[in-house]
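K.L.:
Could you have a look at this structure, given as structure tokens, before my questions?
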Protein chains: 2
Amino acid sequence: MPQIESPAFFIGKGTADNEALLSFGSGQPDLPPPPSAYNILQSYRGFKYGLVQGELTLREAIAGEYPSATPEEIVVTNGASEAIDLVLRAISVPGGRVALPRPYYYSYPHNVTLAGMTPVFYDLDEGKINYETFERVVQGCRAVMINSPSNPTGTVQDVATLRKIEELCNNLGIYVLSDEVYKDLIYVRENYPLKGKRVVTINSFSKTYAMCGLRLGYFHTLDRELVAKVVDMKSHTSMNTSIASQAMGLAAMSERATYVASHLPIWEKRRDTMYQGLVDLGLDLWKPEGAFYVLPAIKNSTRAMHDLYYNYSLITYDGTWFGAKDRLRFSYALDEKKIGEGLARLAKFLDTEYRAYA
Amino acid sequence: MPQIESPAFFIGKGTADNEALLSFGSGQPDLPPPPSAYNILQSYRGFKYGLVQGELTLREAIAGEYPSATPEEIVVTNGASEAIDLVLRAISVPGGRVALPRPYYYSYPHNVTLAGMTPVFYDLDEGKINYETFERVVQGCRAVMINSPSNPTGTVQDVATLRKIEELCNNLGIYVLSDEVYKDLIYVRENYPLKGKRVVTINSFSKTYAMCGLRLGYFHTLDRELVAKVVDMKSHTSMNTSIASQAMGLAAMSERATYVASHLPIWEKRRDTMYQGLVDLGLDLWKPEGAFYVLPAIKNSTRAMHDLYYNYSLITYDGTWFGAKDRLRFSYALDEKKIGEGLARLAKFLDTEYRAYA
């Protein structure tokens, strides 16, 4: 049985469509995108290069979601991943350090390293930013990454903390990469978009519209020089983002309000089922306030992940991939019935094998 | 009137659809992709993450085009651009040099620099590789880029030369990035795919199927370690390539033989019209053997490009962007009527303003 080295082992493989295999792994919404996204395909005939920065119609629609934003401040990318990659490469300086939350989304440290900089970490307290820790770590950094709601912790940062972070980073003159891809999946309040002249807000159609595979993301920033630098770079590294994906994304936006409003209660109900289920199994965890992840404590998590996959056909992600030793990440992007079945398999595991290393 | 700094100024802007503006600029086929590419959209409902390496069905179809290739040797990317970017980043070593042809595709030097390496150049003789020059320049390099048929020269390298290059690079143990995106647009012979254990063959759906805006490319290599490294990297930098674009590409492949066969004579006829037209205007150039570019000598090419754009509504690309001073690149991806009209505007320019700096 092959060793599971990283989430790449699971991506696009184990999905909820395979009845034998149940996945609490990938952050892949199971509910389909708005019908509008497909309706336009009936007459779609695009094939030519588009603007490297992204189609103007799409950037106009996106700008409409940000107070006083303009299309010139937005760059459309191959998912949030490419936005992070390009922005980090564009601001990279020799010896530059980038402060990341810990636990972190597993790609962040790789993104920083691939951009020629060094990751440093500000540890979260049960998923929350400790401002004193944050303030100490970000000194002298080139950039800092904020991720609220967070993957993998499911926490949403307090607005008061975010305001203090805005002020601090503005005074320090460091770039803030605010990964807000779960902005439309918050159960406790409205999203609070970070603001500032060196803030880069990273977003995506993947979670809001369940369009993960279409790879449509973007970033917004007031820093026009950074926009120009990224667009120039992207003209060499990938050119425009798929024009078919952009057309589908623009169409999906026409249903934004109703789609998001009708889905949020579904996510919240699943969150409650998942959270209560894990609490009932006696696991130690905090209650998620956004996104669709929980991060309970499970000792010897690497071994537990392997056992769950090979012996219970249950995909979970090892917390160590996220800088969270002795924790497992569960995505609850599944219907309630499957969540129940997954919890039952987990219960069986906890009652048997897990005792050996709990 | 703004200074035109790079091809990015024109990409996705001036197209042949704008009647006033005529474009010999972007390498964007005007004829649409095979109908199959759109037919599948009627019932298309994909939205989930796909394999980072690319859908298996697509990689199987691509592998079928390479003798004894397997899907495991192929990685699907956001156009050939991303293939080049990721491969260079994956093989990057401190102080590494990468040998590029000169004239070169304008992105190459940027790709090398963005990957943390240094470009060095082997100068072409009227678009052809001089083997002695090549042999001298590649010594001690980490990698070499081959581009046949070439953008911007339109030349196709001799098979005898390519065989000698295979042997030399194999002996030196250096990576060969063979950019063969124009492999299906050769007027003089079949494509000769470069072979070797460190050869990376880069290809694309953009030119063969006129799918530029869909951003679908790939590479093939026997080097499985390189494949693994790129897939891991791509899982952090962009994840899977747009699944809609992949589905369209797979469908297009079902019409490959008839589509390519019916288009080649059209391109050849345009090539003849363009070549003869420029010869008749007294310009110095060589006859293209592939792709859809000509690179005639035009003194003070930067000024000429600006004059042609602002005074004659004719887009051309400055040769200096391709390392070819005092030349202009013309793409003839236009119907014959527009090529004729473009040549007429060029004739007027040559008869008037150009005299001042010819």
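K.L.:
With springs only between Cα atoms under 10 Å apart, run a GNM on chain A and tell me which of A:Leu328, A:Leu295, A:Leu343 wobbles the most.
P.N.:
Among A:Leu328, A:Leu295, A:Leu343, the largest GNM mean-square fluctuation belongs to A:Leu343.
K.L.:
Right, here's the next one. What are the label-to-label distances in nm, one decimal and shortest first, from B:Asn300 to the same spot in the other copies, with labels 7 Å along Cα to Cβ?
P.N.:
Label point to label point, same position, other copies: 8.0 nm.
K.L.:
How far is helix A:301-312 tilted off the main Cα axis of chain A, in degrees rounded to 10, range 0 to 90?
P.N.:
70
K.L.:
Further question on the same structure: Mean separation of Cα pairs under 8 Å and 6+ residues apart, divided by the residue count of chain B: what relative contact order is that in percent?
P.N.:
24
K.L.:
Under the definition of Cα pairs under 8 Å and six or more residues apart, what whole-number percent is the relative contact order of the range A:269-358?
P.N.:
Once divided by the residue count of the range A:269-358, the mean separation gives 31 percent.
K.L.:
GNM on chain B, C-alpha springs below 10 Å: top fluctuator among B:Ser245, B:Ser235, B:Ser26?
P.N.:
Taking springs between Cα atoms under 10 Å, the residue moving most is B:Ser235.
K.L.:
Between the range B:51-104 and the range A:28-55, how far is it from one alpha carbon centroid to the other, in angstrom?
P.N.:
26
K.L.:
About the Cα centre of the range B:75-162, what is the dipole size in debye to 20, counting +1 per Lys and Arg Cβ and -1 per Asp and Glu Cβ, all else neutral?
P.N.:
Computed about the Cα centre, the dipole is about 300 debye.
K.L.:
Right, another one. Where does the charge balance sit around A:Arg224 when Lys and Arg score +1, Asp and Glu -1, over other residues with C-beta under 11 Å from its C-beta?
P.N.:
Net local charge, A:Arg224 excluded: -2.
K.L.:
With only Lys, Arg, Asp and Glu charged, each at its Cβ (+1 for the first two, -1 for the last two), find how big the charge dipole of the protein assembly as shown is about the Cα centre; round to the nearest 20 debye.
P.N.:
Rounded to the nearest 20 debye, it is 540 debye.
K.L.:
Relative to the longest principal Cα axis of chain B, at what angle does helix B:336-351 sit, 0 to 90 degrees, rounded to 10?
P.N.:
The angle comes out near 50 degrees.
K.L.:
Considering only the other residues whose Cβ falls under 15 Å of the Cβ of A:Pro33, what net charge follows from Lys and Arg at +1 and Asp and Glu at -1?
P.N.:
Here the charged neighbours net out to +2.
K.L.:
How large is ³J(HN,Hα) for each residue in the range A:45-56, as worked out from phi by the Karplus curve 6.51 cos²θ - 1.76 cosθ + 1.60 (θ = phi - 60°), to whole Hz, x for Gly and Pro?
P.N.:
The phi angles translate into 9, x, 7, 7, 3, x, 4, 4, 6, x, 4, 4 Hz.
K.L.:
Give the long-range amide H neighbours of A:Tyr122: residues separated by 5 or more places, or on another chain, with amide H under 5 Å away, using H modelled in the peptide plane at 1.01 Å from N.
P.N.:
For A:Tyr122, the qualifying residues are A:Leu100, A:Arg102.
K.L.:
Select from A:Asn311, A:Asn130, A:Asn191 the residue whose mean-square fluctuation is largest in a Gaussian network model of chain A (Cα-Cα springs shorter than 10 Å).
P.N.:
A:Asn311
K.L.:
Given +1 on the Cβ of Lys and Arg, -1 on the Cβ of Asp and Glu, and no further charges, what dipole in debye does the range B:47-87 carry about its Cα centre, rounded to the nearest 20?
P.N.:
140
K.L.:
Moving on. From the residues A:Gln28, A:Cys212, A:Ile74, which one has its Cα farthest along the dipole of the protein assembly as shown in the positive direction, the dipole being from +1 and -1 charges on Cβ of Lys/Arg and Asp/Glu about the Cα centre?
P.N.:
A:Ile74
K.L.:
For Cα pairs less than 8 Å apart in space and 6+ apart in sequence, what is the mean separation divided by the residue count of the range A:186-263, i.e. the relative contact order in percent?
P.N.:
Rounded, it is 27 percent for the range A:186-263.
K.L.:
What is the distance in Å between the Cα centres of the range B:314-340 and the range A:196-260?
P.N.:
Their Cα centres are 32 Å away from one another.
K.L.:
Listed here are the pairs A:Lys299/A:Lys348; B:Lys128/B:Lys337; B:Lys299/B:Lys348; A:Lys183/B:Lys229; A:Lys48/B:Lys195; A:Lys229/B:Lys207; which of them are more than 25 Å apart at the Cα?
P.N.:
B:Lys128/B:Lys337; A:Lys183/B:Lys229; A:Lys48/B:Lys195; A:Lys229/B:Lys207
K.L.:
Return one number: the angle in degrees, 0 to 90 and rounded to the nearest 10, between the long axis of the Cα atoms of helix B:159-172 and the longest principal axis of the Cα atoms of chain B.
P.N.:
Helix B:159-172 sits at roughly 50 degrees to that axis.
K.L.:
List every residue whose amide H lies under 5 Å from the amide H of A:Ser204, counting only residues 5 or more places away in sequence or on a different chain, with H placed 1.01 Å from N in the peptide plane.
P.N.:
A:Tyr218
Bear in mind these aren't lab numbers, they're just calculated from the coordinates by the rules spelled out. Computed from a predicted structure; not experimentally measured. Note: ideal-geometry Cβ built from the backbone for every residue, glycine included; neighbour counts use all protein chains shown.
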